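Below: one structure, written as structure tokens.
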Protein chains: 2
Amino acid sequence: MQFLQFTAESSSNGIRERDFTVGGVPGVLWSPAADAADRAPLVLMAHGGGNHKKHPAMSGRARLLVAGCGFHVAVLDAPGHGDRPRTAHDESEIAALFAARAAGEPEGPIVVRYNDHLAELAVPEYRALLDALQELPEIGADGPVGFWGINMGTAIGIPFVAVEPRISAAVFGQHWPDVLAEKAKQITIPIEFDLQWDDEHISREEGLALFDAFASKEKSLHVNSGKHKELPRFEADSAVRFFARHFGRAVTSLV
Amino acid sequence: MQFLQFTAESSSNGIRERDFTVGGVPGVLWSPAADAADRAPLVLMAHGGGNHKKHPAMSGRARLLVAGCGFHVAVLDAPGHGDRPRTAHDESEIAALFAARAAGEPEGPIVVRYNDHLAELAVPEYRALLDALQELPEIGADGPVGFWGINMGTAIGIPFVAVEPRISAAVFGQHWPDVLAEKAKQITIPIEFDLQWDDEHISREEGLALFDAFASKEKSLHVNSGKHKELPRFEADSAVRFFARHFGRAVTSLV
């Protein structure tokens, strides 16, 4: 069992932010600054490719979940991302991706195989993170736990949720079905899935095939017009409401 | 110009309900009971096949819009529905639908042609309704107007919105593309569109084709697992938030 080592702490606007490492992997835990002793649900998030644990997409979603619902939220830096070193394999895959982009060739095959590699490393890290977080008195082992990750966060999240029975609701989106559809077939919890209708990298058929693969009795697909990077901000609000609905919490404000 | 003739009025739980006729067509107008003189946005709704203007799906959505956002909401009985007489043509189409259902044959072709016929009658009725409602001081001619109709409400709503420039946001869903896709191509306002992933009457391809047809720059598709009649209740909350977002109003409560 690996324990969280807290390395820094700050508070602002009612949100307590604690940096930590778990098994050497850096992460961040956001919690309500008030009512620190009250147990609350936990949402694990995973960031997108090329980003890191405190990217504005992560801190912004955390703010909605913590300030809006009183949840705890934790994110790890993915392997090769944020404060973690890049391996020679990371460097060569990133170079391959940039070369494909410069040549106008499809990025999908490279992203699919590289994210699959990162997910193999990240899944046990997220399981260890959840073990450690459930030791904290303000989280505990009995409360509901969600997962939220889009893009590379979905490539890590689908294999993670497929093997992790403690996750009871998840938000995914914007990835290819090639290696993920088989794992999605093992997932039966409620999901919300985001897809961009005019995605220049992921075709409609590919996006719909991944949504279709989930074995969940209750699943929702949110399609919006626009390109890959144009996922509307209101889908973050929708995801927060999805977790609040499944965890029996009211959304008191969307800040 | 046909004016509203109010025929009954009541209030409960902060909502004022006024029955009316306009050009002989019966309808209902729900409004906030307080602040009766303040102008507020209007949402026109159309009910589903076999239902009527005060069906719980209509009064429930109206309650969310009026109590949640302070909007006005109006619905007409469709031709052959509610308090309106059925013609011999209505009776024969309904008999054909029931016969197809009893024989296990596809209902789509009958619903498509019958709803198209009803829409031809209903579109000028909704335009006359909007003319008349904009004469009311609490609505006025300058405020935003939305449209919300699913199933037969979409069969009436798409041709209505296609020719009605006063509508600036609309929620549709659950119909076939056969006669509606061509009209949807004329619609450029923001839309939210509902589709059931396991609809036993409307195939996924048909549902997606109708969503795809809208020319709107901003459009969202909400797909949920489940059969035709299992559209989740939370999609009504989502529709209310869609109108609140586009009309610049806060949702103060979802009752």
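Some observations on this one:
- Hits in the stretch B:241-255 - residues which are out of contact with any Asp or Glu (no Cβ under 6 Å at 6 or more places or on another chain), in a helix (DSSP H, G or I) and either surrounded by fewer than 16 Cβ atoms within 10 Å (Cβ to Cβ) or within 12 Å of chain A (Cβ to nearest Cβ) (or both): B:Arg241, B:Ala244, B:Arg245, B:His246
- Pairing each residue of the stretch B:175-194 that is more than 15 Å from B:Ile150 (Cβ to Cβ) with any residue that is acidic (Asp, Glu) and assigned to a loop (DSSP other than H, G, I, E, B), provided the two are 6+ apart or on different chains, yields C-beta distances under 8 Å for B:Pro190/B:Glu218.
- From the list B:Ser31, B:Ser10, the lone residue that is more than 20 Å from B:Gly157 (Cβ to Cβ) and in contact with an Asp or Glu (Cβ under 6 Å, 6 or more places away or on another chain) is B:Ser10.
- Every residue from the stretch A:226-240 that is in a helix (DSSP H, G or I) and of a type outside the set (A, V, I, L, M, F, W, C): A:His228, A:Lys229, A:Glu230, A:Glu235, A:Asp237, A:Ser238
- Filter result for the condition that a residue is more than 13 Å from chain B (Cβ to nearest Cβ), surrounded by fewer than 19 Cβ atoms within 10 Å (Cβ to Cβ) and of a type in the set (Asp, Glu), over A:Asp198, A:Asp178, A:Asp212: A:Asp178
Rundown of residues vs (1) without any contact (Cβ under 8 Å) to a residue 40 or more places away in the chain; (2) in contact with a helix residue (DSSP H, G or I) (Cβ under 7 Å, 6 or more places away or on another chain); (3) small (Gly, Ala, Ser), yes/no style:
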position	(1), (2), (3)
A:Pro124	yes, no, no
A:Glu135	no, no, no
A:Gly149	no, yes, yes
A:Gly157	no, no, yes
A:Phe160	no, yes, no
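- A:Glu192 being surrounded by fewer than 22 Cβ atoms within 10 Å (Cβ to Cβ) and among the acidic types (Asp, Glu): no
- Taking the criterion of being closer than 19 Å to B:His55 by Cβ, of a type outside the set (A, V, I, L, M), in contact (Cβ under 8 Å) with a residue 40 or more places away in the chain and touching a strand residue (DSSP E or B) at 6+ places or on another chain (Cβ under 9 Å), the residues of the stretch B:1-30 that qualify are B:Pro26, B:Gly27, B:Trp30.
- First in the stretch B:224-235 and more than 8 Å from chain A (Cβ to nearest Cβ), second anywhere and surrounded by 14 or more Cβ atoms within 10 Å (Cβ to Cβ) and among the charged types (D, E, K, R), Cβ under 8 Å, 6 or more apart: B:Lys227/B:Asp199; B:His228/B:Asp199; B:Leu231/B:Asp194; B:Glu235/B:Asp194
The numbers here are math on the coordinates, done by the rules we state, and not lab data. From a predicted model like this one, the values you see are computed outputs, not experimental measurements. Glycine gets a Cβ as well: all are built from the backbone with ideal geometry, and neighbour counts include every protein chain shown.
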